[in-house]
Structures are given as structure tokens and as C-alpha cells.
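Comments concern the structure below.
The values are calculated or read from the model by the stated rules, or taken from the named source; none is laboratory data. Since we're looking at a predicted model, the values are computed, not measured. Every residue, glycine among them, receives a Cβ derived from its backbone with ideal geometry; neighbour counts consider all protein chains shown. With ligands, DNA and RNA removed, areas are computed over all heavy atoms of the protein, side chains included. Shrake-Rupley method; radii C 1.70, N 1.55, O 1.52, S 1.80 Å.
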Amino acid sequence: DAGVIQSPRHEVTEMGQEVTLRCKPISGHNSLFWYRQTMMRGLELLIYFNNNVPIDDSGMPEDRFSAKMPNASFSTLKIQPSEPRDSAVYFCASIRRNNDYGYTFGSGTRLTVV
Amino acid sequence: GQQLNQSPQSMFIQEGEDVSMNCTSSSIFNTWLWYKQDPGEGPVLLIALYKAGELTSNGRLTAQFGITRKDSFLNISASIPSDVGIYFCAGQGVHSSASKIIFGSGTRLSIRP
């Protein structure tokens, strides 16, 4: 079991550039979550998918953020255009089945927007 | 919206000491979870609690789901250096979408040299 795989681990980009974060959930997990972690706001749920369908995107900060899950083994979180306040660690997590709360988190992507 | 108030924010302890931290909310929760995060990694689930009053252990860790369903605590006995990290409580509220949980702000545990 390779766990939840996120890429890249670190991303430094200039303000205004497009950023794409990637996640591969654990095989067989049917729910996927994107979280953002900052010192000020802690862990915030951005969006989550069940069976590749977005269920709740109320945590997405604004229209600059978008997420997709084209199939059961891949998801992306895109920020366009990026801003310095988007700097944070972005985590992806997946769970084994509906209503199982044992999230498995990836190692995160540390994003720095300069 | 629902919030989890976690305390203390940070603790410095001596190796071998017992540790206690808790989480409270003004809202009722159906599930309480405790996670640990090591530097540079994502949170890892330690204990999950599903019933009011439930007391569950995982090695040196013990957690309880409060009877009022508005609180939970985590105890660590005989702390060791690898216990250092950030501990998060998390919960699923009664009015939340299935599978959606919220996290507390974390308790940072450090061990005095």
C-alpha cells in the first residue's frame, strides 16, 4: 500500500502564475478530500469528492480555486492566478468507504507564492 | 459554524510524564477523532470514537467521547520522545455531510531535554 501520493512536495511560484497540485488516493478508497493548513487558520476543508463527484466545495476560498477528479485514481487542485496569501501546505486525504472517518492523509504540498 | 476548541495550544513535558489534552464544542458531534501530525507529514489517525461515553485505548493512548457529545479528551501515559508532534481532535457534527469532519487547532507537544 503506497498510501496517498501527492505531488509536488514543494512548489515555489510567482504571484499570478497558475499552480496545479496533484493527488493519487489509495486504491479502493472512494472519497477524497483536499485540505489547506496554515498557522493562522489550521486545517481547513476545501472540497471533497465521493465516487469522483464533488459533494461539498463550500470551503473553496474563491473562484481562483478549482478541483477535479476525472477518475478514481487522480485528483487535481488548481489555483489560477495564485496570490501570496495562498501560501500554505495543501493536503489530500482519502477514506476506505463511505462514512469511514479514518482519513489517510498524503504528505502534503508546501506551496509558496512570492 | 461548528468549531472545536482544543487545549492546551502547546505543552512542554518531561519524558515519562503523562499528558492530557481536550477538545470542546458548543455543538453536538456524532464522531470524535484524534490525529497526530509529525513535521513534514500529514496527520495520522490515532483513535476514533463513535459513541457517547466510549473509552478507547491504543497502546499508551486513551481517549474518551464525552457523555454530552460536546467534548473529548486524549491522554498519553509515560511519554517518550517520539510522542512529540501536533495532536488534533476532529469531529463530525450532527448536521454535517456524511464523511465531512472538522479539525481543532491542535496541541503542540514538546519534550524538555
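Counting only protein heavy atoms, probe 1.4 Å: which residues of the range A:24-52 lose 20 Å² or more of accessible surface in the full assembly compared with their chain by itself?
Residues meeting the cut-off: A:Tyr35, A:Gln37, A:Leu43, A:Leu45, A:Tyr48.
Could you grab the relative contact order for chain A? Cα pairs under 8 Å, six or more apart, rounded to a whole percent.
37 percent
What's the magnitude of the charge dipole for chain A around its Cα centre, counting Lys and Arg as +1 and Asp and Glu as -1 at the beta-carbon? Answer in Debye, nearest 20.
Values: 12 positive and 12 negative charges, 63 e Å.
Charge dipole, chain A, about its Cα centre: 300 debye, nearest 20.
Which pairs in the list A:Lys24/B:Lys36; A:Lys68/B:Lys70; A:Lys68/B:Lys36; A:Lys68/B:Lys100; B:Lys36/B:Lys70; B:Lys36/B:Lys100 are over 24 Å apart, alpha-carbon to alpha-carbon? Please report the intermediate quantities before stating the final value.
Numbers: A:Lys24/B:Lys36 22 Å; A:Lys68/B:Lys70 35 Å; A:Lys68/B:Lys36 28 Å; A:Lys68/B:Lys100 18 Å; B:Lys36/B:Lys70 21 Å; B:Lys36/B:Lys100 18 Å.
Over 24 Å Cα-Cα: A:Lys68/B:Lys70; A:Lys68/B:Lys36.
Taking the Cβ of B:Met21 as the centre, find all other residues whose Cβ is under 15 Å away and add up their charges (Lys, Arg: +1; Asp, Glu: -1).
Within the 15 Å Cβ shell, the charges total -1.
Pop out a list of residues from the range B:42-79 that are at least 40 Å² less accessible with all the protein chains around than in their chain alone; 1.4 Å probe, no ligands or nucleic acids counted.
Residues losing area: B:Pro43.
Where q = 0.17, 0.22, 0.23 Å⁻¹, what log10 of I(q)/I(0) comes from the Debye formula for the range B:16-79, counting one point per Cα?
Rounded to two decimals, the profile gives -0.59, -0.91, -0.96.
Using a simple charge model, +1 on the beta-carbon of Lys and Arg, -1 on the beta-carbon of Asp and Glu, nothing else, what dipole does the range A:1-54 show about its Cα centre, in debye to the nearest 20? If you can, show how the numbers build up before the last one.
On the way: 5 positive and 5 negative charges, 24 e Å.
Once rounded to the nearest 20, the dipole reads 120 debye.
Please report, in debye to the nearest 20, how large the charge dipole of the protein assembly as shown is about its Cα centre when each Lys and Arg carries +1 at its beta carbon and each Asp and Glu carries -1 there.
On the way: 20 positive and 20 negative charges, 59 e Å.
For the protein assembly as shown, the charge dipole is close to 280 debye.
For the protein assembly as shown, take every pair of Cα atoms, bin their distances at 5 Å starting from 0, and report each bin as a whole percent.
Calculated over all Cα pairs of the protein assembly as shown, the distribution is 1, 7, 15, 18, 18, 17, 12, 7, 3, 1, 0 percent.
Within chain B, what percent of beta bridges assigned by DSSP are antiparallel, to the nearest 5? Walk me through the numbers on the way to the answer.
Details: 36 of 40 bridges.
If we restrict to bridges inside chain B, about 90 percent are antiparallel.
Expressed as cubic angstrom per residue, what is the convex hull volume of the alpha carbon set of chain A? Before the final figure, lay out each step's value.
Numbers: hull volume 10.6 nm³, N = 114.
So the per-residue hull volume is 93 Å³.
Towards the positive end of the charge dipole of chain A, with charges on Cβ (+1 Lys, Arg; -1 Asp, Glu), say which of A:His10, A:Gly28, A:Cys92 has the farthest Cα.
The one lying farthest along the dipole's positive direction is A:Gly28.
For B:Met11, A:Met15, A:Met40, what's the largest-to-smallest order of accessible area, 1.4 Å probe? Walk me through the intermediate numbers first.
Working: B:Met11 35, A:Met15 120, A:Met40 175 Å².
Largest accessible area first, the residues go A:Met40, A:Met15, B:Met11.
Aspartates and glutamates near A:Lys78 by alpha-carbon distance under 17 Å, same-chain residues fewer than 8 away left out - which ones?
Output for A:Lys78: A:Glu11, A:Glu14, A:Glu18, A:Glu44, A:Asp56, A:Asp57, A:Glu62, A:Asp63, A:Asp86.
Given chain A, what percent of its DSSP beta bridges are antiparallel, to the nearest 5?
Bridges in chain A are about 90 percent antiparallel.
Quick query: amide H of A:Asp56 versus all other amide H atoms, modeled in the peptide plane; which residues come in under 5 Å with a sequence gap of 5 or more or a different chain?
A:Tyr48
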